Structures are given as C-alpha cells and as structure tokens.
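Values in this text are rule-based calculations from the coordinates and carry no lab data. These numbers come from a predicted model, not from an experiment. Neighbour counts are summed over all protein chains in view; Cβ atoms, including those assigned to glycine, are modelled from backbone coordinates with ideal geometry.
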Amino acid sequence: MSQFINPSANRPKAILLPLGILAAIGIGWLTTLMGIAAPALLVVLAFAIPFVVAVFYEPKYGVVAFIIFCFTLQIFLREIGSSIPYGIAGEALLLLTWVAVLTNTSNRFEWGNLKNDLMFLTLFWFLINLVEVFHPADVSMRGWLQEIRGTSLVWFFVVPLTLVVFNKHKDLNIFLYLIIGLSILAAINGIKQLYIGPWPGEQAFLNGPSQKTHILFGKLRVFSFYSDAGNFGASQAHIGLVALILALGPFKLWKRILLVIAAGLLFYGMLISGTRGALYALVVGVAVAIFLSKSFKIMIIGTAIALSGLFLLKFTSVGSGSYHIQRLRTALNPEDASLGVRLYNQERLAEYLDTSPFGGGMGVIGFWGAKYNSDKYLASIPPDSYWVKVWAMYGIVGFIIWFGIMMYILGKCCGIVWMIRDKRLRIKLMALTAGTAGILFCSYGNEIINAMPSAMIVYISWVFIFLGPKLDSKKQEAALAESYA
C-alpha cells in the first residue's frame, strides 16, 4: 500500500488508488440513477472495446462473431429482455466489420472474389428491394424497412463480406465447426426443454401467444434458443444432414464417428420440434447429395433407403407409439387439417393477386404486415410459407425473379461441386449444397430461409461453394508442390 501513497513512488502508480476510488464512486452514483443497467453497461463496454479493436485488427473476427450471434440472438431476447434492439445489433456488427475492412490499408483482402455471378445476383435482388419502397400499393415505410432486413439487407452485407475476408479453406473448416457445434448446443438445450423444463425466458415465451402453436394436445414442440419450433426443427434437419454427409467423407475414423453421433443428436432435435416441414429439408437434401455423389452404387442404395423411410412413414404404423414420429407422419397426409387451411389461404391470395402482378408490397403480410399494415387485406392472411410470402409481397413477377435466382444459384452450386477434384473439399461443399437445397424447399412450408440462423448459414454456404474452384485449384497446387518437394 505504501507504494501508492509514497510521494517518491512512480507517478503512474501513485494515481491508481485515487482513480479507483473515483471510479467506484462514479459507478455507485450511476447505479443509483440507472439501477443495475449501469454496471451491466460497463461490463458490456469492458468486452466491447477490446472486441472492436480486434475486429479492426482482423475483420475475420467480426464474421465469426456474427455467426455466433445469429445462433444466440433469441437467448438475449428471451432471457434479458426485448427492450434492446438485438436484431439491429447483428446488422451493426456487420457494418462495423465492413468499416474495419474499408479502412484497412493492407492488401490482404481478396477484392477480386467479388467478380462472380453470386455477387451480381445479390446486388440485383437488393436493388429490387430498394425500388420496392416506391410500390404503388402505398404500404407503410416502417413495414418496408423491417422487411428488407430479412429479405435482402443481411444477404447484401454477408455475401460480399465473406467473399472478401472469410474465404480460405481454414475458414470453411471454422464455419463447419461453428454451425455444427452451435447446433449441437441447441439440440441439447432442446432436450433439456423437453425433459427438464424451459428457462424462465423460454417459459414466458410459452405463456404468451406462442402457447397455441408450441403446446399441442399437451405436448411441447421444442424450440430451443430459436425464434420458434419451425425454425429450430428445420435448422436441426439442415445441419444434421450436413454432419451426416461429412461423416461419409475421407476423414479420420474418430471424426466420422463424432459426426455420426452429431447427426443422430440433431435429427432427434428435429423430431422433438414437431416440425413436419423439416422432413422435406431431409428428402430434398438427401436427393441432391445422392445426385452429386456421382456414384451409381450410392444412387441406388441411397434412393432405396430414402424411399424405404418414406414408405414406413406413409404406409405403416411403425413408431406410432411416439407422439413426435406420429406428428412427423402427418407431413405425408394430403388430408391433414393444417394443410387444408394453408391451401385455403393460398386460394384467397390467388384471387386477390390475380389483378396485382407486382403484389401488395414489402411488409404487407406476415408479422410486419399485422404490425404496420393492419388496414391492408393481405395482412389478414397468414403466409405460412416464405414462398407464399414472396408471392404476396412481390406478385407473380417478383416471385418468378426470386425463384429464378434461387434456382440459378442452386444449379450453379451443383455444377461447381460436380467438378471439384479434391475429395475432402468436395464432400464439404456437397454437404453445404445439399443443406441449402433442403432449406430452400423446406421454406415452402415455413418461413425458414429468411430466419436466423438458417439465412446466415445459406448465404455463407453459397460463398464457399462459389469459391470452390479457387479453393480446389489451391489444394491441387499445394499437392503438386508437395510431390516435387
């Protein structure tokens, strides 16, 4: 203690004690004014300032943080409170990373990667969404602003950012580790919800309007730390499929065993979500993976296994003792009451949109429609599907453009994977392609491809697949150099 009060002590050390006392008094005073928010804010700043410095030093950290944030967003919303705009925080994180990239004077970023079809289509769709603000239907500006975030703004931020700074083979591995690892944590939390009980914030979510859709016949539809059970189940199916395909790759045995275990856990997460549409993510994803395998034997065996599974669900009573399997089975029932309601709503939309080829405008249907455009007819009809939502907002013209973009990207991804020579890279990109295809078609039944974390996973998956030829060439060059060494 004497070194702090001794006048002959080093001057910087001598002022530490009075500064500490002043800081403690200041924090105490702020706490009396702001409550617990004051020390909480200081704790956030203690982490935020070093993080900002780290992002400016290495923007790649911003991309990694955004991936993690997309998985954990709902934890903040439910357990801390929705008064803070956490969704905007995600976009602020992307903007911060972009500022770090644009102000960086080094030449280590690969700007040449922006010259590809994916970037052109990303920009094209974003411009269409900007023009939508002038839609003649006179929808709410706030509705348009909220809707554009999910339809194209994040897409527009993420794709070029990933192309420029998160584009190495090791980055692909980091991406796969993160999405599989975080999905496993979500599955574990989902199992905990089912067998032990939800966290306080999750229980509050169930006590609200979500009770009608998440507790059916006294059974919980597990949602983990996702926005809802539909998003959780589809994402679990998506990443479970990715893990299963990777388990078939030329990797070490212990890695393949862990991937099989991960896939099994994630498929169980899908099952307990009660999300019937997730079945189609698996069916489509498996079909794409079988096609891209380029093996006639795998095509025959894989198709036989897939059809056998669908046969058991459709024409037998196997597993009927399990509520979750029985609910999944209803996905194949054309007379299901839920399907009937959806088809009826689509008939209502078709009748209205018959004279509106450009739709009712962005933010006119779904959650934002009910909040900001409640006076519009379309706001009274639940879309129950992202495909239907696109059709309602942009009309048949906009839907054809959007669907054409999706089909072009999917087709290009398949073509790229088909030509990849490196076996390890090929199986990774095949898994990502199959997963994105599954999410795209699963979005016919639910709003998935525009929800986090699925949207983020799809966008970054597209980037790595489109970078496939470049990554493949580098792998081949490295192998050739090693052979001559």
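Work through the residues other than Thr151 whose Cβ is under 14 Å from its Cβ and net out their charges, Lys, Arg +1 and Asp, Glu -1. Charge balance near Thr151 sits at -2. Mean sequence separation of contacting Cα pairs (under 8 Å, at least six apart), scaled by the length of the range 111-484, corresponds to a relative contact order of 23 percent.
When the inverse distances between all different Cα atoms of the range 111-484 are averaged and flipped, the Kirkwood radius reads 21.7 angstrom.
For the peptides 250-263, 405-418, 435-448, the ranking by mean Cβ contacts within 10 Å, running from highest to lowest, is 435-448, 405-418, 250-263.
Neighbours of Ala392, meaning other residues whose beta-carbon lies under 14 angstrom from its beta-carbon, give a summed charge of -3 when Lys and Arg score +1 and Asp and Glu score -1. The modelled label-to-label distance between Lys192 and Phe124, using points 7 Å beyond Cα along the C-beta direction, is 4.5 nm. Charged neighbours of Gly201, selected by a Cβ distance under 10 Å, balance to -1 (K, R count +1; D, E count -1). For the range 138-219, what class follows from the C-alpha gyration tensor (a ≥ b ≥ c being the square roots of its eigenvalues): rounded when a/c is under 1.5, otherwise prolate if a/b is larger than b/c, else oblate? Judged from the Cα gyration tensor, the range 138-219 comes out oblate (a/c at least 1.5, b/c at or above a/b).
Put a dot 7 Å past the Cα of Ala89, heading toward its Cβ, do the same for Lys252, and the two dots end up 3.7 nm apart. Ranking Ala281, Ile401, Leu153 by Cα position along the charge dipole of the range 111-484, where only Lys, Arg, Asp and Glu carry charges on their C-beta atoms, puts Ala281 farthest toward the positive end. Exposure proxy ranking for Met419, Met393, based on other Cβ atoms within 10 angstrom of each Cβ and starting from the fewest, stands as Met419, Met393.
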